[in-house]
Amino acid sequence: MLRKPIISELCRIALALTAAFAVRAQGPPNQPVNRGALLSQDFEQRVTDYLKMRKAVEAGMPKLKPTGSPAEIAEHERELARRIREARPRARQGDIFTPEIGGEFRHIIEITMRGGHAARIKQSLKSAEPVQLRLGVNDTYPASVPLQSTPPALLLNLPKLPAQVEYRVVGHNLLLRDVGANLIVDWLPAAIP
Amino acid sequence: MLSRFFLIVLESLLLIQTADRVSGQPEGAKDELAVPVKPGSVRFAVIGDNGTGERRQYEVAQQMAKYHERFPFNFVIMLGDNIYGGKRPADFKRKFEDPYQPLLDAGVKFYASLGNHDDPNERFYKPFNMGGKRFYSFKNGKAEFFVLDSNYMDPQQLDWLDKQLQGSTSTWKICYFHHPLYSEGKFHGPDTGLRALLEPIFEKYGVNAVFSGHEHVYERIKPRNGIYYFVLGNSGELRPHNLKRSPDTAKGFDTDQSFMLVEISGDELFFQTVSRTGATVDSGVLEKQTNVNSSGSAGRLNRSHFSAACRTSVEGAALEFLPFSTG
């Protein structure tokens, strides 16, 4: 006879606690709380969507394994890029780095480049052999242009990426590059101060 | 006042000595072998920034094959920029397969790291032995090699390195990657951002030697916190007269292409740096540092020392041995 009231009481307390956390998480009315986290989630979702599409187009291809044939590697890269382009023909700059997400990225990079990190990141960028390149979504990254290394301090602070895509710096721009397809997925202008 | 005077004299002497160490001319006798070829030793060659496909890369490769006859190294470590420019099959042939064909035919394995001129998909090229990975490790005898992708030092790679080094029981731990943590090269200089992340890990787990490329010169840096640093980015490319004089440089060479021969036996690492023309540019033996904290957890290394000597003589003259102090 006692069991039911105890359970219902526990449920009531649990509901009350959940509601209290929810209110706390929302913060005061009309004040955007943790906007960065929401934008980060949005970014991750867009990357996840890209990867879903990529997985689907890659499914029909033989998996690339270590080979002595550079032609096979090049062909796999070309074919994967072709299929990705075909799957997202209307992809435009800003599809992943939307203006809001882009603003948050610039903010993170600006903060990272302040203070003690600033000199090191500038040194890393200088040491990385800076490159200039006309950028276009779905373009192949040209073989003749070196891939500028990405300052490690930035990689520690930007949202983590799965192995299939990576951040790269070109001039003042931040690229999202598909590693296997050697393809520019999206890019953020004026990301690096 | 007096101490200041002595300080100025000391600095001047140091600069004079450094000027001697940054040398433009190959110094040792041609075709001499300065590594001992001990039985059961770990033997390898080092090349960096090699993949130009030009005549000078071929000439370095010919010297490597020549030295291989007397110093049968089992493998070559590649410090990145393995294939410059185009990445067509013809490029792999002209910039890698053809120049090193005699070594490949002799069964010598190549273990590549990625440079900024490389396509990361080179990791699938079987002769580079990367197993499809951007960063990886392999063992040979008592030495373990940790091959990093310094173009993209993300948290995943740092975690991997930390775990691998922590679990390593090898006597010699050697890391190599493209961008140097220390360099007196005028064109790029050191990557201090990378240094801030990697050096504490290297010191924590007792890494013994680090090889990098990127600067198109040869440099041996005075030991830093118990770690020997080499820069070798001139096995194909060359940036003449690009080294600054610095008291941190143990030896520099910036007027011709070069490669290295390395032999590890017991607690000693013998090295010989050979120019495109076959002259010995630098050689010596380094003693393995003692790690005071064998658990590998946050232990600092004992100060290392340069145990024997470096050849700094001019061709034909008697060899002069310069003892080096610790870094």
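Things to note:
- Whether segment A:107-193 is rounded, prolate or oblate, judged on the alpha carbon gyration tensor where a/c under 1.5 counts as rounded: prolate
- Projecting label points 7 angstrom from Cα along Cα→Cβ for B:Gln62 and B:Lys163 puts them 4.8 nm apart.
- Extension gain, A:Leu38 to A:Ala163, is 42.7 nm, computed as 0.36 nm per intervening residue step minus the present C-alpha separation.
- Reach of B:Lys186 by Cα under 24 Å, taken over lysines that are not fewer than 8 positions away in the same chain: A:Lys122, A:Lys126, B:Lys222, B:Lys244, B:Lys251
- Per residue value of the accessible surface for segment B:177-271 (all protein chains in place, 1.4 Å probe), Å²: 22 Å²
- Once B binds A, the 1.4 Å probe can no longer reach about 3100 Å² of accessible area, counting both sides.
- Label-to-label distance, nm, for residues given as B:Glu287 and A:Lys52 (7 Å Cα→Cβ offset): 6.3 nm
- Listed by chain and number, the lysines placed with their C-alpha closer than 16 angstrom to that of B:Lys30 are B:Lys66; residues fewer than eight positions away on the same chain are left out.
- Spatially proximal lysines relative to B:Lys163 (Cα-Cα < 27 Å; intrachain offsets below 8 disregarded): A:Lys65, A:Lys160, B:Lys109, B:Lys126, B:Lys133, B:Lys139, B:Lys142, B:Lys173, B:Lys204, B:Lys288
- Efficiency of FRET from Cβ geometry, A:Ser144 and A:Ala190, R₀ 25 Å, rounded to 0.05: 0.50
The values are calculated or read from the model by the stated rules, or taken from the named source; none is laboratory data. Because the structure is a prediction, the values reported are computed rather than measured. With ideal geometry, Cβ positions are generated from the backbone for all residues, glycine too; neighbour counts draw on all protein chains shown. Just so you know, the surface numbers come from the protein's heavy atoms only, side chains and all, with ligands and any DNA or RNA stripped out. Shrake-Rupley method; radii C 1.70, N 1.55, O 1.52, S 1.80 Å.
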